């Protein structure tokens, strides 16, 4: 089974999932009020720098899987 052809068609889902993670971080930023503004900014930066790259392999895998299923569905519909 060749997965590589599907890797280049996954940018939209990766972009949307990054936007979703950014939205979750913004919601946390609006709901939680730190005692010290500077420490709150540092925690927010650390959260963004860790969560978004750390979740990239899982998001990329999910995007490839969804694209593969869409591709399979398209092939079976034309038979």
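Derivation of every value follows stated rules applied to the coordinates shown; laboratory data play no part. Computed from a predicted structure; not experimentally measured.
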Full-extension gain between residue 51 and residue 65, please, as 0.36 nm times their residue separation minus the C-alpha to C-alpha distance. 2.9 nm
Per 0.36 nm of contour for each residue apart, how much would the distance between residue 29 and residue 58 grow if the chain were fully extended, relative to their Cα-Cα spacing? 8.0 nm
With only alpha-carbon atoms counted, please give the Rg and Dmax of region 4-74, in Å. 16.0, 54
